[in-house]
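S.K.: Okay, handing you the structure first.
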There are 2 protein chains.
Amino acid sequence: MIGLTLGPEGPQLTRDLPRPAADGEAVMRVSLAGVCATDLELVRGYMGFAGVLGHEWVGVVEEADDPALVGRRVVGEINASCGSCPTCRAGRPTHCPHRTVLGILGRDGAFAEYLRLPATNLHPVPDPVSDEAAVFVEPLAAACRILEQVHVRPGDRVVVLGLGRLGQLCARVLALTGAEVLGVSRSRHKLDLLPPSVRPVPADQAVGLPPADVVVDTTGSPAGLADASARVRPGGTLVLKTTVHEAPGLSPTPWVIDEITVVGSRCGPFAPALRLLAAGLVDPTPLITARLPLEQGVEALARAARPDAIKVLIDVG
Amino acid sequence: MIGLTLGPEGPQLTRDLPRPAADGEAVMRVSLAGVCATDLELVRGYMGFAGVLGHEWVGVVEEADDPALVGRRVVGEINASCGSCPTCRAGRPTHCPHRTVLGILGRDGAFAEYLRLPATNLHPVPDPVSDEAAVFVEPLAAACRILEQVHVRPGDRVVVLGLGRLGQLCARVLALTGAEVLGVSRSRHKLDLLPPSVRPVPADQAVGLPPADVVVDTTGSPAGLADASARVRPGGTLVLKTTVHEAPGLSPTPWVIDEITVVGSRCGPFAPALRLLAAGLVDPTPLITARLPLEQGVEALARAARPDAIKVLIDVG
């Protein structure tokens, strides 16, 4: 089968990949996949990953132990956990120290004709949800994760910094709480993509904003993180949705004096994300910047790396 | 009156201070006061404070609008808030942007014969609580603050790093939850001061400890903070009880991947601290390293700065 693989020479299209065997898991034929900032970081060497890239996808089950699953249109949680270690048994399977992660850690990903995941990771996609919407379930679940960790109240003021792939989804989900959500970006294009539920704030007009109850940093930059930290009110919450590998100017002193809570936030629950899509409460499809065939997978990564790109999709099926 | 003041030339005993006028607040005669790490930081120039130092104290009310208060033995919350700004009205008076803080910010402190505070800040001390115990109410309240912010469960494993003034109290309070509390220090002396409810762990034997559900950093050092961060289990909580002004090696990336919550924690509630003392559930008096008269206040600060010192008291009354 064909797949977009990452090796020592960078990402490339590989034509002679073996189709994955079920081997106790399920095998899916991929229909559509999405490029995420993490994919671009992996290409830059993050995590030392080698293999088929991609972890945002929708597809159809080809093989599974449960015959009722075969032929179903599904999406899938990306962490495959052992299920038996203390961390799994404590109800934190996404942090299982033995886990593999689709297209990120020890497991081939979704930028290929077929992928393999445990059947327990799969979620059937309701009929009203198109493939173009379903491919956003994984990042939309990551946005929902914030509301699992932080009690955002209807009267809160929320600031989302960075309006790329993930920030756009976080802003949409947080606005569903009734909170006043402000999206801050330097990019007019990204501000224009915000729905009516989110107030667009050009970065150069964000200086005088009052401190926020909750600030979500999706910038992935040290300067963005410092800016985010400075925007939290005393007693408020700073949510870190993107990794920042170095933060030379970061001082935790204001977090102590102002009793800030800093919440690291990663993968989220698929079921609520599917419900939001099925109910039409979040429409991610305006975020699609481009759609390229798998044969142009390398170009798709390059397209996603351009500053104006939001979501680049890879047509597989 | 006599007081220990901080000026441009450092701390000194000043003999001709005016006794504070009530002016709508209450005036207390100080009996006993305690030296805190913050006092030592103020001496080093932190916050740019000038005036009478000291914020841990017990004393007797001399003047107050409410005649029932006069003659009562009291302790007092250190933040004097405006009561009318949005932050105060939102129930966060300790973060009032217009606040003064006893001996720390815009308000003379407790290392003097008399001090002044709003009557609403005062808490009568129950008879069974000695002056030597009552003088610990402010830092004990700061330890209780952790349990207002973080749900520490009886089955949790908790690590307290740094067993100085504040760490000793945090370890004692956290052990009351039934959690397994480990106190880590390089100092044999500080480990020996731990009560039976806290397991002493010499720092050189702390390498192989399993990750903890909750880690409390009271070290006040960048290396201590990095060590604390590395000891939190995925999904766990890092509590920052001391300020670290620079943290050059600090990377927030593990906080995102492991979904760590970082909680800045400062001043706490006096009523629970007084209850713990009155019930004998926390006995802070073994932490008293030395007790010097106010006349030797400068020496008391020097004594408190020595690495082996836990709590140095200043006898005022």
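The values are calculated or read from the model by the stated rules, or taken from the named source; none is laboratory data. In this text, all values refer to a predicted model and were calculated from it rather than measured experimentally. Positions of Cβ are generated from backbone atoms using ideal geometry, with glycine treated the same way; all protein chains shown enter the neighbour counts. All accessible areas refer to the heavy atoms of the entire protein, side chains included, with ligands and DNA or RNA removed. Shrake-Rupley method; radii C 1.70, N 1.55, O 1.52, S 1.80 Å.
S.K.: Consider segment B:76-105. How many of its residues are touching a residue at least 40 places away in the same chain (Cβ under 8 Å) and in a strand (DSSP E or B)?
M.R.: 6
S.K.: Condition test on B:Arg107, is it within 14 Å of chain A (Cβ to nearest Cβ), among the basic types (Lys, Arg), open to solvent by 10 Å² or more (accessible area, probe 1.4 Å) and within 22 Å of the chain's Cα centre (by Cα)?
M.R.: No; evaluated as a whole, the condition is false for this residue.
S.K.: Now, a different point. Taking segment B:54-75, which residues are farther than 17 Å from B:Asp23 by Cα and in contact (Cβ under 8 Å) with a residue 60 or more places away in the chain?
M.R.: Within segment B:54-75, B:Gly54, B:His55, B:Glu56, B:Trp57, B:Val58, B:Gly59, B:Val60, B:Arg73, B:Val75 meet the criteria.
S.K.: With respect to B:Asp39, is the statement that it is in a helix (DSSP H, G or I) and under 25 Å from B:Asp131 (Cα atoms) true?
M.R.: Yes, satisfied.
S.K.: Just one of A:Val35, A:Val70 is more than 13 Å from A:Tyr114 (Cα to Cα), buried (at least 17 other Cβ atoms within 10 Å of the Cβ) and of a type outside the set (Ser, Thr, Tyr); which is it?
M.R.: Every option except A:Val35 fails the conditions.
S.K.: Still on this structure, please answer the following. For segment B:218-234, which residues satisfy the criterion of being within 9 Å of another protein chain (Cβ to nearest Cβ) and touching a strand residue (DSSP E or B) at 6+ places or on another chain (Cβ under 8 Å)? Walk me through how you get there before you give the answer.
M.R.: First pass over segment B:218-234, keeping only residues within 9 Å of another protein chain (Cβ to nearest Cβ): B:225, B:233-234.
B:Leu225, B:Arg233, listed by residue number.
S.K.: Would you kindly identify the strands (runs of 3 or more DSSP E) lying entirely within segment A:128-236 that contain at least 3 residues that are open to solvent by less than 10 Å² (accessible area, probe 1.4 Å)?
M.R.: A:157-161, A:180-185, A:212-217
S.K.: Could you tell me which numbered condition A:Val60 fails, if it satisfies all but one of (1) over 26 Å from A:Pro286 (Cα atoms); (2) open to solvent by 10 Å² or more (accessible area, probe 1.4 Å); (3) out of contact with any Ser or Thr (no Cβ under 6 Å at 6 or more places or on another chain)?
M.R.: Unmet for A:Val60, out of (1) over 26 Å from A:Pro286 (Cα atoms); (2) open to solvent by 10 Å² or more (accessible area, probe 1.4 Å); (3) out of contact with any Ser or Thr (no Cβ under 6 Å at 6 or more places or on another chain): (1).
S.K.: Residues that are crowded, with 23+ Cβ neighbours inside 10 Å and within 19 Å of the chain's Cα centre (by Cα): list the helices (runs of 4 or more DSSP H) wholly contained in segment A:237-317 that include at least 1 such residues.
M.R.: Values: elements: A:253-257, A:270-278, A:297-305.
Result: A:270-278, A:297-305.
S.K.: So, one more: Might you check whether a residue that is away from every other protein chain (no Cβ under 12 Å), in contact with a strand residue (DSSP E or B) (Cβ under 9 Å, 6 or more places away or on another chain) and within 26 Å of B:Gly236 (Cβ to Cβ) occurs anywhere in segment A:239-257?
M.R.: Looking for residues that are away from every other protein chain (no Cβ under 12 Å), in contact with a strand residue (DSSP E or B) (Cβ under 9 Å, 6 or more places away or on another chain) and within 26 Å of B:Gly236 (Cβ to Cβ), one finds none in segment A:239-257, hence no.
S.K.: All but one of (1) within 14 Å of another protein chain (Cβ to nearest Cβ); (2) under 20 Å from B:Thr253 (Cβ atoms) hold for A:Pro211; which doesn't?
M.R.: (2)
S.K.: Here are some residues: B:Gly71, B:Gly34, B:Gly59, B:Gly3. Which one is farther than 30 Å from A:Val256 by Cα and either at pLDDT 95 or above or hydrophobic (A, V, I, L, M, F, W, C) (or both)?
M.R.: B:Gly71
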